[in-house]
1. Which residues, taken from segment 35-64, are within 16 Å of ILE19 (Cβ to Cβ) and polar (S, T, N, Q)?
2. If the Cβ limit is 7 Å and pairs must be 6+ apart or interchain, which residue in segment 162-179 that is closer than 14 Å to SER131 by Cα and hydrophobic (A, V, I, L, M, F, W, C) pairs with which residue that is open to solvent by 20 Å² or more (accessible area, probe 1.4 Å) and at pLDDT below 95?
3. Tell me, yes or no, whether segment 133-148 has at least one residue that is closer than 15 Å to PHE176 by Cα and in contact (Cβ under 8 Å) with a residue 60 or more places away in the chain.
4. State the number of residues belonging to segment 140-163 that are open to solvent by 70 Å² or more (accessible area, probe 1.4 Å) and either at pLDDT below 90 or among the aliphatic types (A, V, I, L, M) (or both).
5. When you scan segment 24-33, do you find a residue that is more than 18 Å from the chain's Cα centre (by Cα), open to solvent by less than 50 Å² (accessible area, probe 1.4 Å) and either over 16 Å from GLN222 (Cα atoms) or modelled with pLDDT under 85 (or both), even just one?
6. Select from segment 108-131 the residues that are modelled with pLDDT under 95, open to solvent by 10 Å² or more (accessible area, probe 1.4 Å) and in a loop (DSSP other than H, G, I, E, B) and list them in ascending order.
7. Within segment 89-97, can one find any residue that is touching a Ser or Thr at 6+ places or on another chain (Cβ under 8 Å), at pLDDT 85 or above, surrounded by fewer than 18 Cβ atoms within 10 Å (Cβ to Cβ) and not in a loop (DSSP other than H, G, I, E, B)?
8. Kindly indicate the residue of segment 37-46 that is surrounded by fewer than 18 Cβ atoms within 10 Å (Cβ to Cβ) and in contact with an Asp or Glu (Cβ under 6 Å, 6 or more places away or on another chain) and also farthest from ASP187 (Cα to Cα) among those meeting that condition.
Amino acid sequence: MSAGMEEPTTLSPVERQAIILEKVNASGRVVAVDLAQEFNVSEDSIRRDLRELVDAGLVQRFHGGAVRLVTPALDFHRRETLGTEEKQRIGRAAAAAIPEGATLLVDTSTTVVHFIRQLPPTLSVRIFTSSVDVAGAALDHPLAEVTLLGGRLSKFTRSATGASAIEAVRGLKVDFCVLGTCGIDDDLILRADDLEDAFFKKAMIKASNKTLVLASSDKLGQVATHEVAPISVVSQLFTTSEDSSFLERIREMGVNVETV
């Protein structure tokens, strides 16, 4: 066999693509060089497979591989019913990291709502948030001082957005900001589905001494439309993911990772 030609394989491209699709849906992402070794074919063949899966609307490409399709955005109440036990574990672990007297800048996500509910009732904290759901949960805490940041309310995020909300955040300096995320992509970038939410998260990070990110396992390797910030700005990541290689890459960026 001449140099550069592939070794014979028992799988057709269609069969390979079916297996690749299963891998993407199971783990969230695949890497072309790993697939080439696994199937004993060239990376060019894998790239063709991935292009065909993209063209069929089954996966999304990133440089070097593919990820699951971003699912259509669910409204807040529907998201709140998904993965409740997982979100409670993440929220409980993150809440345990908050010291007495801390000031918190908290964004909107269903996982973050669970974080608020898991704060110990004897903990005195100040909470700033643009989220009506986070504010409501925080009001049930016996010792929390709660400030709701104003602005135009988004029905998707159920929080204040726009210039006035961002300006309110720019006037703050807090100990921690606590963020949910729509995804951490393969380039280790925090991402958001909503443009105004992405801008708001950026302002939150800048106004905080430390940034905590709460991410369920499905968010790692996930792609969302708008870039927020590189993972290196994060002080600590709380997650249920067991993807050791992905988590190790995050640790190499200086992030303290806690799996729960």
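The values are calculated or read from the model by the stated rules, or taken from the named source; none is laboratory data. Keep in mind that what you see is a predicted model, and the values were worked out from it rather than measured. We place every Cβ from the backbone using ideal geometry, glycine too, and count neighbours over all the protein chains shown. Quick note on the areas: whole protein, heavy atoms, side chains included, nothing else; ligands and nucleic acids left out. Shrake-Rupley method; radii C 1.70, N 1.55, O 1.52, S 1.80 Å.
1. GLN37, ASN40, SER45
2. Here the result reads ALA165/GLY150; ALA165/GLY151; ILE166/PHE199; ALA168/GLY150, each pair linking segment 162-179 to a residue that is open to solvent by 20 Å² or more (accessible area, probe 1.4 Å) and at pLDDT below 95.
3. No: zero hits.
4. Restricting attention to segment 140-163, the residues satisfying the condition of being open to solvent by 70 Å² or more (accessible area, probe 1.4 Å) are 140, 142-143, 145, 148, 152-153, 155, 158, 163.
The next check asks that each one be either at pLDDT below 90 or among the aliphatic types (A, V, I, L, M) (or both); those that pass are 143, 148, 152-153, 155, 158, 163.
Qualifying residue count, segment 140-163: 7.
5. Yes.
6. THR108, SER109
7. So in segment 89-97, the residues touching a Ser or Thr at 6+ places or on another chain (Cβ under 8 Å) come out as 89-91.
Filter again for at pLDDT 85 or above, leaving 89-91.
Within this subset, residues satisfying the condition of being surrounded by fewer than 18 Cβ atoms within 10 Å (Cβ to Cβ) are none.
No, because not a single residue in segment 89-97 is touching a Ser or Thr at 6+ places or on another chain (Cβ under 8 Å), at pLDDT 85 or above, surrounded by fewer than 18 Cβ atoms within 10 Å (Cβ to Cβ) and not in a loop (DSSP other than H, G, I, E, B).
8. Ranking the candidates gives ASN40 first.
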